[in-house]
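Engineer: Here it is, the structure, as structure tokens.
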Amino acid sequence: MYSSYFFFYEDSSTTIDNELSIHATSNTIYNGNLIVVNKDTKLQQDPTNLNVIPKNFANNVLIDSDYYIEEGILEPLRQMFQAAEADGIYHFRVNSAYRDEQLQAHLYEENGSDYAQPAGFSEHQTGLAVDIGSTQGTMDTAPEATWLAEHAAEFGFILRYPAHKIHITGISFEPWHYRYVGLPHSIIMQEKDLTLEEYITFLKQKKEYSQEVNGVNYFIQYVEELTNPEANYFDISGDNQNGYIVTTIEN
């Protein structure tokens, strides 16, 4: 079952105008679930709503350190683990999540580019990435990895660095690295076999795109300037580059 996470505003043009004004004046282009951070695109704004992942987060996941992620992805992450447990997958382990600039710089200096990206160029600094392992073995063969690769998109997560997309991402295959992008984007990316970089390019070219997910009709626009969506249900994300992705739920 898919889960939807979106903003709701009352049927008032004034409310919508005010909310969009807040987004537009707070560097939204550098914020949101769809921001691109990679070897060529640096994070411009640190996350502001970090929350620790509780140790008792789910029955089937080991969390033995204080790991932080953006508050908005806690619930979809929990639902993902719970769905895996219902399918008989019991041995997850969170190995990393948010890293601040100092920790990322230290990891890069200590281990080099084979292990970490330079400070500012790692998705872990967004608070939207989680490294998920297995307590029973490595993620190249673990049942946990197989389940995530098949089902993570249902909860808004993508396998960020697939083996067959190294030429796009510039990062070696990481079966443990999952990134939250939210619905319906994760489903579209999975169905079309697109990385985040490819998906943003796809939206830029299309300008407008519609997709039905679990009976919900989503209308997605790529714009360089924000204008008011006509519907009351919407989400806005910058791409950390040139524009915004506005997602509306159609009636």
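The values are calculated or read from the model by the stated rules, or taken from the named source; none is laboratory data. Only a predicted model underlies this, so the values are computations on that prediction, with no experimental measurement involved. Using ideal geometry, Cβ is built from the backbone for each residue, glycine included, and neighbour counts are taken over all protein chains shown. The protein model used for the area step is the full one, side chains on, heavy atoms only, and it has no ligands, DNA or RNA in it. Shrake-Rupley method; radii C 1.70, N 1.55, O 1.52, S 1.80 Å.
Engineer: If I filter the range 44-64 down to residues being open to solvent by less than 60 Å² (accessible area, probe 1.4 Å) and at pLDDT below 95, which single residue comes out as nearest to Pro118 (Cα to Cα)?
Structural biologist: Looking at the filtered set, the residue picked out is Gln45.
Engineer: Of the residues Phe81, Phe57, which single one is within 26 Å of Thr146 (Cα to Cα) and in a loop (DSSP other than H, G, I, E, B)?
Structural biologist: Phe57
Engineer: Could you go through the range 231-241 and let me know if any residue there is loosely packed, with under 13 Cβ neighbours inside 10 Å, out of contact with any helix residue (DSSP H, G or I) (no Cβ under 6 Å at 6 or more places or on another chain), charged (D, E, K, R) and farther than 30 Å from Pro143 by Cβ.
Structural biologist: no
Engineer: Next question, about the same structure. If you take the residues in the range 203-222 that are assigned to a helix (DSSP H, G or I) and more than 17 Å from the chain's Cα centre (by Cα), which one is nearest to Thr126 (Cα to Cα)?
Structural biologist: Once the filter is applied, the top-ranked residue is Lys204.
Engineer: How about the range 152-184: which of its residues are crowded, with 22+ Cβ neighbours inside 10 Å, touching a Phe, Trp or Tyr at 6+ places or on another chain (Cβ under 7 Å) and in a helix (DSSP H, G or I)?
Structural biologist: Ala152
Engineer: When you check Gly120 against the structure, is it in contact (Cβ under 8 Å) with a residue 24 or more places away in the chain and closer than 17 Å to Lys39 by Cβ, yes or no?
Structural biologist: Answer is yes for this residue.
Engineer: Okay, moving on. Quick check on the range 128-145: of everything there that is more than 19 Å from the chain's Cα centre (by Cα) and of a type in the set (Val, Ile, Thr), which residue is most open to solvent (accessible area, probe 1.4 Å)?
Structural biologist: Only one residue fits best here, namely Thr141.
Engineer: To continue, here is another question. Within the range 110-127, can you find the residues that are on the phi > 0 side of the Ramachandran plot and under 19 Å from the mean Cα position of the chain (by Cα)?
Structural biologist: Within the range 110-127, Gly120, Gly127 meet the criteria.
Engineer: Could you say which residue among Gln125, Gln102 is surrounded by fewer than 16 Cβ atoms within 10 Å (Cβ to Cβ) and either within 24 Å of Leu74 (Cβ to Cβ) or modelled with pLDDT of 90 or more (or both)?
Structural biologist: So the residue among Gln125, Gln102 that is surrounded by fewer than 16 Cβ atoms within 10 Å (Cβ to Cβ) and either within 24 Å of Leu74 (Cβ to Cβ) or modelled with pLDDT of 90 or more (or both) is Gln102.
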